[in-house]
Amino acid sequence: MSGLSVWSKLPPELGAAVRLRIPEIALACVEGLEREVPEYSGKWVHGADRAEAVESVRRAIERDVDRVGSEDMRHAERLADFRCRGRLACQRGLTREAVQAAVRVTNRVAWRRIADTAREHGFSADVLYLLAEGMFADVETSMAAVAEGYTAAELAAAGDGKRNRALLRALVDGRVPADVDGFAAVAGLALPDRVAAVAFRAGAGAPDFPADLIPEHVLADPDGPSPVLLSADPDADLAGFDRLPAGWIAAVGPCVRFADAAESYRIALRAAELAERGLLGGTGPVVWCREHVTKLLLLADEFLVAQLAEKTLAPLAGVRGHRREQLADTLLALVRTRGSAPELGRMLDLHPQTVRGRLKKLGELFGDRLDDPDERLRLELSLLAEKALSI
């Protein structure tokens with residue numbers, strides 16, 4: 001059950017009971033911050049600053065209490081408020097860790113006070129469980145929103161080059177919110193709708209990365225051991241990358257929504273690793289993930305696919321050398337097509353009688369499994385993985 005649905009299930013009477021104590025709960029939250037997060041107490045050198053903090057917490061608690069027993073969750077408004085807190089914290093010199101700690105502390109203090117109020121008014125344990133579920137589910141989304149606002153403020157304050165590199169790393173690390181357009185507006189950036197991440201990998205003895213190959217308009221960070229870029233038009237932007245020096249590989253991830261750049265980068269990194277190991281065939285210096293989707297899917301988890309192959313192809317364990325290769329090739333053709341001996345013979349360029357001999361042997365080894373659609377799928381996946389990995 002999500003935090004959004006929990007709040008609407010709470011009895012409205014709980015909201016009415018808590019509302020009378022919101023001012024004292026807000027004050028208790030700020031006192032908790034002063035005790036547990038020194039950076040905050042150090043910032044409240046004037047009474048007006050502390051009063052502003054209490055009022056901010058009071059408004060937030062009041063907004064949350066309005067959610068009790070209501071379908072109107074005001075979720076977007078709440079997240080916008082926490083993004084604002086993150087931006088203000090950055091602008092006031094607080095650390096990211098301090099503002100996230102503040103979310104945890106105020107939520108914990110508020111929970112204890114609200115739970116005490118619920119008990120005093122005789123609400124059941126089930127109500128307390130729902131309340132806890134709703135409040136602590138909110139902590140994760142609140143902390144994420146605070147981090148988004150903080151990162152946006154950092155980017156807005158940085159120079160163009162530093163800001164662009166910071167945004168790029170935030171994107172490929174998955175630290176940018178789904179509302180990426182609003183995030184970009186705060187940071188003062190214009191972003192394309194869709195991008196592909198490009199991951200670079202250098203082999204032993206490779207020269208320095210040739211940063212001059214990257215077009216000026218492309219969002220890139222060519223420095224360090226893991227250069228990366230995001231391109232809205234990789235076919236055009238990477239036209240010159242066939243000139244990458246020996247030892248370098250550029251893997252182009254799938255084209256995705258800007259907010260999903262981390263997924264494109266993750267796949268590109270995996271493709272670069274597999275290409276370096278020679279598992280993607282005879283690729284050039286530029287590896288296009290769109291051309292290797294099947295292998296990337298098969299090899300997403302090498303341990304699991306090796307386990308599958310070992311178990312599924314166990315009947316072939318007693319067959320050695322070239323004979324095993326012949327049977328494996330015939331088995332793959334069979335499970336893919338369910339063809340007759342003449343059909344398989346044409347596919348494999350073999351005499352039908354030769355194929356019949358192999359089919360008889362496969363029938364002895366695998367039996368009824370060859371007639372089971374699920375087993376045939378497992379066999380096909382295992383055989384393809386075996387070819388890809390040369391297990």
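What to note about this one:
- Multiplying the residue separation of L348 and L20 by 0.36 nm and removing their Cα-Cα distance gives an extension gain of 110.0 nm.
- The spacing between region 90-105 and region 323-355, judged by their C-alpha centroids, is 65 Å.
- For Cα Rg over 2.2 N^0.38 Å, calculated from these coordinates, the label among [x] 1.39; [y] 0.97; [z] 0.93: [x]
- Cut-off 10 Å between beta-carbons: net charge of the residues surrounding A251, Lys and Arg +1, Asp and Glu -1: 0
- Positive dipole terminus of the chain, leading residue within L384, V319, G174 (C-beta point charges): V319
- Relative to the longest principal axis of the Cα atoms of the chain, the long axis of helix 96-120 lies at roughly 70 degrees.
- Backbone geometry of region 206-216 corresponds, through the Karplus equation with coefficients 6.51, -1.76 and 1.60 at θ = phi - 60°, to 3J(HN,Hα) couplings of 5, x, 4, 5, x, 4, 5, 6, 7, x, 4 Hz, x marking Gly and Pro.
- Using the Cβ of A328 as centre and a radius below 13 Å, the other residues enclosed give a net charge of +3, where K and R count +1 and D and E count -1.
- In terms of surrounding Cβ atoms within a 10 Å radius of their Cβ, Y129, Y40, Y265 rank from fewest to most as Y129, Y40, Y265.
- Segment H75-E364, extension gain: residue separation times 0.36 nm, minus the distance between their alpha carbons: 97.9 nm
- Sequence-separation-based contact order of the chain, relative, with Cα cut under 8 Å and 6+ spacing, percent: 12 percent
- Residue-averaged 222 nm ellipticity for the chain, from DSSP H runs of 4+ at -39500 (n - 2.57), nearest 500: -20000 deg cm²/dmol
- Helix 321-337 axis, angle to the chain major axis (alpha carbon atoms, nearest 10°): 70 degrees
- Rounded tilt (10° steps) of 47-65 against the dominant C-alpha axis of the chain: 60 degrees
- Here the Karplus curve 6.51 cos²θ - 1.76 cosθ + 1.60, taken at θ = phi - 60°, turns the phi angles of region 270-275 into couplings of 5, 5, 4, 5, 5, 5 Hz, with x standing for Gly and Pro.
Any read-out appearing in this document is the output of simple, stated calculations on the displayed coordinates, not a laboratory observation. Given the structure is predicted, the values throughout are model-derived calculations rather than measurements. When we count neighbours, we look across all protein chains shown, and the Cβ atoms used for this are built from the backbone with ideal geometry, even at glycine.
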